[in-house]
Amino acid sequence: MKILVLNCGSSSIKFQLIETDSELIESNTDRCIAKGGVERIGTDEATLKVTVPPSPTKSSTEEILDHQTALTRAIAALKEHHAVADISQIQAVGHRVLHGGERFSAPVIIDEEVEHGIQQCIELGPLHNPHNLRGYYVARKVMPQVPQVAVFDTAFHQTMPPHAYLYGLPYSYYRRYHIRRYGFHGTSHRYVAFRYRQIFHKAREEANLITVHLGNGCSITAIQKGLCIDTSMGLTPQEGLVMGTRCGDIDSAAVLYIMSKDELTLHDTSVLLNKFSGLYGISGESNDMRELMAAAAKGDEQAKLAIDVFCYRIKKYIGAYSAALGHVDGLVFTGGIGENSPDIRSQTCEGLTELGIQIDPARNAALAGKEGEISPEGSRIRVMVIPTNEELLIARDTFRVVRGIPNPH
Ligand code: ADP
């Protein structure tokens, strides 16, 4: 089955066309036929990029004023570059949806009721859900016969127990406004946990894992017997680890103090915490880990400080989740930084030998952007690098939901 995976933002659409079915999933041979995106939608300088491997990326700049035109152009480009002979070959669409609230704990076919449910979650995910929904409306218009499936970033974390998802606030805020930890990056954590078990031939019950997703956004999850029992992101993707531009955990009183000192509005404060904090805020120069590492190597103290804060926060969470799990079998690094940076991995795991976490320097240095083990031979806890593939999992979920096959992950 050819499945179009869509991730729709305010002025962009990212897409992948993935071929998958039961046999391909079993044999791990499902594959990305094409990928690409449209950026700067709403302008006369929108860029459309399509890659149909092994051909190089084709890029064009044109006027694309709305998302429907963007999707129509993307599908036309898929035809032009022979990824599909005709639009009718696309048999389902899988949408990445940020927030599913407490209502969605698994992927679902989008019908009127689900659409309404996603609308109700807009309050919880105001920056993403409206655009994710827009992707659905547009795809439904362009491909009316095709089933559309929503795969939620929050769904995997819905197995967290109340003691992990409740904040120390009056309980009425949970009842009235659904204020609680939801967690994000669920598809990524679920994918790497699934790959870990597949690599070591383990059943879900046989592996307790800590999965660390380090990209521009960063989060860490404790997975017990296949189920999420805790995760670092909260009501929004703001909580937890220090990220590219987000602050992560912070004393809530510090926020009130800054607001009062600098007379900031709610909007100013949200921008400060989301866009000007984290690695960018501490270093004062960049949110990009590669740039910071290059600067630190040249003696830039502020860049080094940002990296130190970043790694220390992850280490603390690894300790906390070791305690939450009681017994840990594996630690998995993923995301742009987790997959590509041996230095960040080793700094993060420094001094964790007592917890059973060790890194083999040669194995670690040899692994950039590739899957493999970085702990020494025979370690009690296997430390792994596993490149994430959220789109693949969205395609697999979409296939299963459309065919009514229960999800084994
Ligand atoms: P997103 O969360 O937007 O998907 P990515 O997962 O692509 O982001 O991660 C982006 C981050 O990964 C950036 O901070 C980038 O500098 C970092 N990164 C990519 N390659 C390396 C590398 N070789 N060493 C260190 N950091 C890297």
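The values are calculated or read from the model by the stated rules, or taken from the named source; none is laboratory data. Computed from a predicted structure; not experimentally measured. In this analysis, Cβ positions are derived from the backbone assuming ideal geometry, glycine residues included, and neighbour counts consider all displayed protein chains. Heavy atoms of the whole protein, side chains included, go into the accessibility calculation; ligands, DNA and RNA do not. Shrake-Rupley method; radii C 1.70, N 1.55, O 1.52, S 1.80 Å.
So which of Lys14/Lys275; Lys202/Lys315; Lys2/Lys225; Lys35/Lys304; Lys14/Lys370; Lys49/Lys202 end up more than 28 Å apart, counting from Cα to Cα? Present the calculation step by step, with values, prior to reporting the outcome.
Working: Lys14/Lys275 22 Å; Lys202/Lys315 26 Å; Lys2/Lys225 32 Å; Lys35/Lys304 36 Å; Lys14/Lys370 23 Å; Lys49/Lys202 39 Å.
Flagged as over cut-off: Lys2/Lys225; Lys35/Lys304; Lys49/Lys202.
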Practice task
Over the alpha-carbon set of the stretch 29-84, work out the extent along each principal axis and list the three values in angstrom, largest first.
Solution key: 38, 19, 17
Completion exercise
A chain fully extended from Ser55 to Ser10 at 0.36 nm per residue, minus the present Cα-Cα distance, gains in nm 13.3 nm
Exercise for the section: Sort the stretch 166-245 into rounded, prolate or oblate with this rule: let a ≥ b ≥ c be the square roots of the eigenvalues of the Cα gyration tensor; rounded if a/c is under 1.5, and if a/c is not under 1.5, prolate when a/b is larger than b/c, oblate otherwise. Expected result: oblate
Exercise for the section: Just need the relative contact order of the chain here, percent rounded to a whole number, with Cα pairs under 8 Å and 6+ apart. Expected result: 14
Handout entry: nm² value of the averaged projected area, convex hull over the Cα atoms of the stretch 217-354
Key = 9.3
Problem - Under 19 Å from the Leu256 label point (7 Å along Cα→beta-carbon), backbone N, the stretch 168-198 - result: 168-174, 179-180
Fill in the blank from the handout: note: the stretch 280-405, Cα-Cα separations exceeding 24 Å make up a percent value of 39
Fill in the blank from the handout: Using a 1.4 Å probe on heavy atoms of the protein chains only, the accessible area for Leu392 in Å², nearest 10, reads 20
Problem - Solvent-accessible area, 1.4 Å probe, carbon plus sulfur percent, for the chain - result: 52
Practice task
Report Rg(Cα)/(2.2 N^0.38 Å) for the chain, keeping two decimals.
Solution key: 0.99
Handout entry: Listed residues Thr43, Thr353, Thr154 arranged by accessible area, highest first, probe 1.4 Å
Key = Thr353, Thr43, Thr154
Completion exercise
SASA check, Ile64, accessible area w/ 1.4 Å probe, all protein chains in place, rounded to nearest 10 Å², comes out at 0
Practice task
Note down the relative contact order for the stretch 228-369 as a percent, whole number, built from C-alpha pairs under 8 angstrom at least six residues apart.
Solution key: 17
Practice task
Springs between alpha-carbon atoms under 10 Å, Gaussian network over the chain: tell me which of Pro170, Pro387, Pro53 tops the mean-square fluctuations.
Solution key: Pro170
Practice task
Take Ser270, Ser188 and sort them by solvent-accessible surface of the protein heavy atoms, 1.4 Å probe, largest at the top.
Solution key: Ser270, Ser188
Exercise for the section: Return the FRET efficiency for the residue pair Glu377, Lys79: r is the Cβ-Cβ distance, R0 is 51 Å, and the value is rounded to the nearest 0.05. Expected result: 0.55
Exercise for the section: Give me the accessible area per residue for the stretch 279-409, probe 1.4 Å, as a whole number in Å². Expected result: 45
Problem - As computed over the stretch 1-101, the Cα convex hull volume per residue (Å³) - result: 108
